[in-house]
Amino acid sequence: PLSSLALMRDAEVLAERVWRETTARTQRLFSFLPEILAERSIAPQDIELLAVGLGPGAYSGLRISLAAAQAFALPSNRTVFGVGSAESLALDLLRQGVGSTVATVGDARRDRLWFAEFRLAGTMPETTVPLCLIRTAELTGRAKPGSVVATPDWHRIGEKLRELVPPGTRL
């Protein structure tokens, strides 16, 4: 599973790490966090709020990141925000102006996909189809022609998406 960590001030990324976690025992999060704080000479107590991914994603990774964020925030009673992967991916694409509707799709394994659809409402994504679990073959009826279909799992399901999305849909 792909993991990431970023240190931001306002909308500027000050430092970041992106990696593939190969085993549950490695958890590079705990070595990367002190690294990026040191890079920017920022003390842990200087961090005002934390955002953590809520998935969809691997259960172990979500559990570890949520526990780490809560543990980091607890001593100083800092705020922790949860961010959904589907919404985050859609927001990024909608703000780039790639289309008016973005369907986010991910590999849920065992011939299943997670699916959600969004449109831009002001500056935030508005859910038009709530996050749901579907059989892979059902994607044909879910993705609307003219919408953009995006996935964080292209390496696993990209070819299947090419077969299933209707004509006029952009990948």
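The values are calculated or read from the model by the stated rules, or taken from the named source; none is laboratory data. Not measured: the values here are computed from a predicted model. Using ideal geometry, Cβ is built from the backbone for each residue, glycine included, and neighbour counts are taken over all protein chains shown. When the accessible area is computed, the model is the full protein with side chains, heavy atoms only, and any ligands, DNA or RNA have been set aside. Shrake-Rupley method; radii C 1.70, N 1.55, O 1.52, S 1.80 Å.
Do you know which residues across the range 126-157 are within 19 Å of residue 93 (Cβ to Cβ) and either part of a loop (DSSP other than H, G, I, E, B) or of a type in the set (Ser, Thr, Tyr) (or both)?
127, 128, 143, 144, 145, 146, 147, 151, 152, 153
Report yes if some residue within the range 88-110 is surrounded by 15 or more Cβ atoms within 10 Å (Cβ to Cβ), part of a loop (DSSP other than H, G, I, E, B), without any contact (Cβ under 8 Å) to a residue 60 or more places away in the chain and among the basic types (Lys, Arg); otherwise report no. Full working, then the answer.
We begin by selecting, within the range 88-110, every residue surrounded by 15 or more Cβ atoms within 10 Å (Cβ to Cβ); these are 88-91, 93-94, 99, 101-108.
Going one step further and asking which of them are part of a loop (DSSP other than H, G, I, E, B), we end up with 99.
Cutting the leftovers down to without any contact (Cβ under 8 Å) to a residue 60 or more places away in the chain gives us none.
No.
Got a sec? Which of 58, 71 is open to solvent by 40 Å² or more (accessible area, probe 1.4 Å), farther than 30 Å from residue 138 by Cα and not polar (S, T, N, Q)?
71 is the lone residue from the list that is open to solvent by 40 Å² or more (accessible area, probe 1.4 Å), farther than 30 Å from residue 138 by Cα and not polar (S, T, N, Q).
Among (1) surrounded by 17 or more Cβ atoms within 10 Å (Cβ to Cβ); (2) without any contact (Cβ under 8 Å) to a residue 24 or more places away in the chain, there is one condition residue 141 misses while meeting the rest; what is its number?
(1)
Tell me which residues, restricted to the range 144-165, are more than 12 Å from residue 105 (Cα to Cα) and surrounded by fewer than 15 Cβ atoms within 10 Å (Cβ to Cβ).
Answer for the range 144-165, where residues must be more than 12 Å from residue 105 (Cα to Cα) and surrounded by fewer than 15 Cβ atoms within 10 Å (Cβ to Cβ): 145, 146, 155, 159, 162, 163.
Of (1) of a type outside the set (S, T, N, Q); (2) surrounded by 12 or more Cβ atoms within 10 Å (Cβ to Cβ); (3) not in a strand (DSSP E or B), residue 168 satisfies all except one. Which?
Condition (2) is where residue 168 drops out.
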